[in-house]
Amino acid sequence: ALEHPELNHVGIELSWAGATRLFKRLNKNGTQNAKALLVDAEVALGHLFRSESLARTFVIHPCPWPKARHMDRRVLNPAGLAQLATRMAMGSTLTVIPDHAEYAEWLGEVLRSQETLQSIHPTVEVGEIPGHQPTKYQLKAMAQGIPIHFFEFQKALETHAPDPQSIDPSFMPSINLSGSFDQIGRAHV
């Protein structure tokens, strides 16, 4: 957001602790072109973004849900990717950076099997993405020897799937909180 003030940025986080850290950084930097949503990504995609409204999408270190019985909770499952594709504008890109080997292998197969998104690179997975700035979490994982995987796809086909879950955002109930944080990070609204 600081490097591209001409663009609007929306972060989605499910962890209150992670969102709180982000809220603090946005507040400290006075960032006006970034917002953070404390919501499940599936809910956000289904209800908060219009069709073909996303110019660039990053999914950084998604939860791998490694147990077989939990795999349907992965945000980038086949249905989730199809829904995400309806929200992406033509030519927009999806960057996914998982840090879990089995999840990355599974995700590569899922990405290869769908038609709307095409790999930007000759291979589905690439060694790294030029210009990518690693997160603190990524640096920590790399220091522990955990391999990082990179996928970069572009929306190449129009998606005309009906979107029964999408609703007009003007009817979406919302809450805006404003306030400050004390020394130990508690919000005062």
- Among the residues of the range 5-36, write down those that are within 18 Å of Tyr137 (Cα to Cα), of a type in the set (D, E, K, R) and over 14 Å from the mean Cα position of the chain (by Cα). Arg21, Lys24, Arg25
- Spot the failing condition for Ala55; the list is (1) at pLDDT 90 or above; (2) under 19 Å from Ile12 (Cβ atoms); (3) surrounded by 13 or more Cβ atoms within 10 Å (Cβ to Cβ), and only one is missed. (3)
- Query: Of the residues that sit in the range 18-52 and are open to solvent by less than 30 Å² (accessible area, probe 1.4 Å) and touching a residue at least 60 places away in the same chain (Cβ under 8 Å), which one is farthest from Met88 (Cα to Cα)?
  - Reply: Thr20
- Item | Condition broken by Val96, with the remaining ones in (1) within 15 Å of the chain's Cα centre (by Cα); (2) open to solvent by 40 Å² or more (accessible area, probe 1.4 Å) satisfied | (2)
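The values are calculated or read from the model by the stated rules, or taken from the named source; none is laboratory data. Please read all numbers here as calculations on a predicted model, not as lab measurements. Methodologically, a virtual Cβ is constructed for each residue, glycine included, from the backbone with ideal geometry; neighbour enumeration extends over all protein chains shown. The area values use the complete protein model at the heavy-atom level, side chains included, leaving out ligands, DNA and RNA. Shrake-Rupley method; radii C 1.70, N 1.55, O 1.52, S 1.80 Å.
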